[in-house]
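Where a number appears in this text, it was derived from the coordinates with a stated rule and is not lab data. Keep in mind the model is a prediction, meaning the values are calculated, not measured. So basically every Cβ, Gly included, is an ideal-geometry build from the backbone, and we count neighbours across all protein chains shown.
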Amino acid sequence: MALVRCDFFSEALGLSTSMTVLLPERASAQIGLAGSAVAGDPPVLYLLHGLTDDHSIWQRRTAIERYVAPLGLAVVMPDAGRSFYADEEHGNRYWTFLSGELPQVCHAFFRLSDRREDTFVAGLSMGGYGAMKWALRDPGRFAAAASLSGALDVARRREHPTHPVDPAVWHTVWGDRQVPGTDDDTVALLERAGGDLPALYVACGTEDFLYDDNTRFVETARRRGMPLTVDFSPGAHDWAYWDAKIQDVLAWLPLRGRADAR
């Protein structure tokens, strides 16, 4: 794999920002790590971080480079601050950055497939919410989307907090705006979703403080007949769980050339 830290200027944010990118590389002589690359432009996974982290965290806390090296999969890990991947009421336009500018920048800088069947999104906690929101608001972009311990019911969590999130975060992101029923409400997005949705994957540990949020999301998806893979198993809101589950997500992705690709 090639590991790239990319510092660039964002027009949407009006400031310089960063992303960490993994690019496939054929490598047979490297000891302990066999790299692979598919013919043509490689598929891409947008991998999103959580509330207290940044673009470097997946590389630092997991072996993501080792996990994707044999898959011929590019991974884009952007920085989104504490934004909940939203256009903040009192901050910056992170939804505009993520959903509009970031893919354009990545395709300008790197050789990546732009086909829906080669494009995926996943994330943890705040990033799991961001991944599902992006997939549900722009379903034609993605073949699959995965959430690990996602904050999948922020509308309810904002009104009935059961875990200490700095109130200043909610104020910065949404101010006095109402979230229920809007395009920032992932449960509401499920309720009105239609057409050809991506395959969805939801994993959450049964000891996680976000477990109830995930069960409500899954119940809504199942009631609507959405394509959904669910993994509720023992685990907490921590990197031991996410390091294990990102490997399951990678095995589940319908990557080009896999015999079981969807």
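Give me Met77, Met132 sorted ascending by neighbouring Cβ count inside 10 Å, so fewest comes first. Mind showing how you got there, number by number?
On the way: Met77 25, Met132 29.
Listed from fewest to most nearby Cβ atoms, that is Met77, Met132.
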With Rh as the Kirkwood radius over Cα pairs, the stretch 127-262 has Rg/Rh of 0.97
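Give, in nm to one decimal, the length gained when the segment between Arg5 and Arg66 is fully stretched (0.36 nm per residue of separation minus the Cα-Cα distance).
On the way: separation 61, 0.36 × 61 = 21.96 nm, distance 1.69 nm.
My answer for the length gained is 20.3 nm.
When only C-alpha pairs under 8 Å and at least 6 residues apart count, what is the relative contact order of the stretch 1-61, in percent? Write out the running numbers ahead of the final one.
Working: 64 pairs, mean separation 15.2, N = 61.
Across the stretch 1-61, relative contact order equals 25 percent.
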If you place +1 on the Cβ of every Lys and Arg and -1 on the Cβ of every Asp and Glu, how big does the dipole about the Cα centre of the chain come out, in debye to the nearest 20? 660 debye
When the Karplus curve 6.51 cos²θ - 1.76 cosθ + 1.60 is applied with θ = phi - 60°, which whole-Hz ³J(HN,Hα) does each residue of the stretch 45-59 get, with x for Gly and Pro? 10, 7, 10, 9, 8, x, 4, 9, 10, 8, 5, 8, 5, 4, 5
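Filter the trypsin sites (Lys or Arg not before Pro) in the stretch 24-113 to those in DSSP coil with at most 12 other Cβ atoms within 10 Å of their Cβ, and list the result.
Details: sites: Arg26, Arg60, Arg61, Arg66, Arg82, Arg93, Arg111; in loops: Arg26, Arg82, Arg111.
Within the stretch 24-113, the qualifying trypsin sites (Lys or Arg not before Pro) (loop, at most 12 other Cβ atoms within 10 Å) are Arg26, Arg111.
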